[in-house]
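The values are calculated or read from the model by the stated rules, or taken from the named source; none is laboratory data. Here the structure is a predicted model, which is why all the values come from computation and not from measurement. Don't worry about glycine lacking a Cβ; one is built from the backbone with ideal geometry, like all the others, and counts go over all protein chains shown. To get the accessible areas, we keep the full protein, side chains included, count just its heavy atoms, and leave off ligands, DNA and RNA. Shrake-Rupley method; radii C 1.70, N 1.55, O 1.52, S 1.80 Å.
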Amino acid sequence: MIRIARGAAPIGLEKSAPRYQAAAAKVFNRHRGMSDALQEILSKGYNSRATKQALYLAQHEKCAWCERQMDFSSSPVEHYRPKDGAWRHLPGQKPRIDKGHYWWLAWSWSNLLFSCSRCNDRGHKANYFPLRRKTRKARAPKAPVSRSRPDSISDVSKERPLLLDPAGAEDPLDHIEWYPTNTSFNRRDWLWTPLGLTDEGRATIEILQLSELAGRAQGHVRSLLPIIEEVEQHLAAGRIPEAHKRWNQLIADSFTPEAQWSAFAWHALRHLVPPSYRAQHQLADPRRPGAP
């Protein structure tokens, strides 16, 4: 996972969101809470082609969570804060669900992400949204709520989520690291696993089941190794310019905005080509992938 920048909200969403929010508030007030009628409204409006296209391009055609390149038509628009009830527990724990959260943010641009179907399904992100202990949870709204500014129904700014926000202030690279578990084997056969460096990193790994992607990570390493070995051979033979040229091409290709698995590659190169080796041979360090 890398940090992403959404950019400006699509004009169509800016125009339609207030209408949907007002309609949702009206239905919420009529039924004095959540209802099937409100659920129906919550299924509309945020997933327009224009909104989806804006997210797809802002995320360089990759899933916000796993960084796999995705097909536009078959992948959904996802909500960071769930629109129809927040699961406050982690997978395997006793369910704790706040049923009134966060329907009022269903059309908020700052709450939308482009996701692959795998990361968005009930076995992964689903409606999980645990918070740190003793955090100030946004209050569940009670009818009547404002129809003029429904997006301000409840303040979420004091919440401290455990699930990382790819478009948030924190860089996911500082929370999740990929590392090899069996380095006594040939590098080609190293097994890679995600390590949570913080509570947020550990919770995000658990919710998204990132360890399921270990096989794909290993395959990506195997695609990098021939080039790394070529660089090492150039260096051993004293062909320094050739080594630098090949290395620079490797990191340029691995960390373009469109490159899959760039967060994993960034961490993996620290183990495959350690910083001390790079410094010894004056190999450039790859830049941190993702938005600044």
Those lysines that a straight Cα-Cα span of less than 17 Å connects to LYS137, excepting residues fewer than 8 apart in one chain: LYS83, LYS99, LYS158
Rounding to the nearest 10 and keeping the result within 0 to 90°, find how far the Cα-based axis of helix 199-208 lies from the longest principal axis of the chain. 80
Gain upon complete extension [ASP174, GLN93; 0.36 nm per residue less C-alpha separation]: 26.6 nm
Tell me, what % of the accessible area of the range 6-50 is carbon and sulfur with a 1.4 angstrom probe? 51
Calculate the length of the line joining the C-alpha centroid of the range 45-121 to that of the range 4-38, in whole Å. 15
Percent relative contact order for the chain, counting Cα pairs under 8 Å at least six residues apart, stands at 19
Entry for P(r) over Cα pairs in 10 Å bins from 0, in percent (calculated from the structure that is shown) out of (1) 7, 31, 40, 20, 3, 0; (2) 6, 25, 30, 20, 11, 6, 2, 0; (3) 7, 28, 36, 22, 6, 1: (2)
Measuring from the longest principal axis of the C-alpha atoms of the chain, the long axis of helix 49-58 (C-alpha) lies at a number of degrees, nearest 10, equal to 30
Measure nothing fancy, just the Cα-based angle from helix 262-272's long axis to the longest principal axis of the chain, in degrees from 0 to 90, nearest 10. 30
Placing +1 at every Lys and Arg Cβ and -1 at every Asp and Glu Cβ, with all other atoms neutral, what dipole size does the chain have around its Cα centre, in debye to the nearest 20? 1440
Using a probe radius of 1.4 Å on heavy atoms only, what accessible surface per residue do you get for the chain? Whole Å² is fine. 49
Applying 1/(1 + (r/R0)^6) with R0 = 51 Å to the Cβ-Cβ distance of ILE240 and HIS31, what FRET efficiency is obtained, to the nearest 0.05? 0.10
Comparing ARG81, ARG139, ARG278 in a Gaussian network model of the chain (Cα, 10 Å), the one with the largest mean-square fluctuation is ARG278
To one decimal place, what orientation-averaged projected area in nm² is obtained for the convex hull of the Cα set of the range 172-281? 7.3
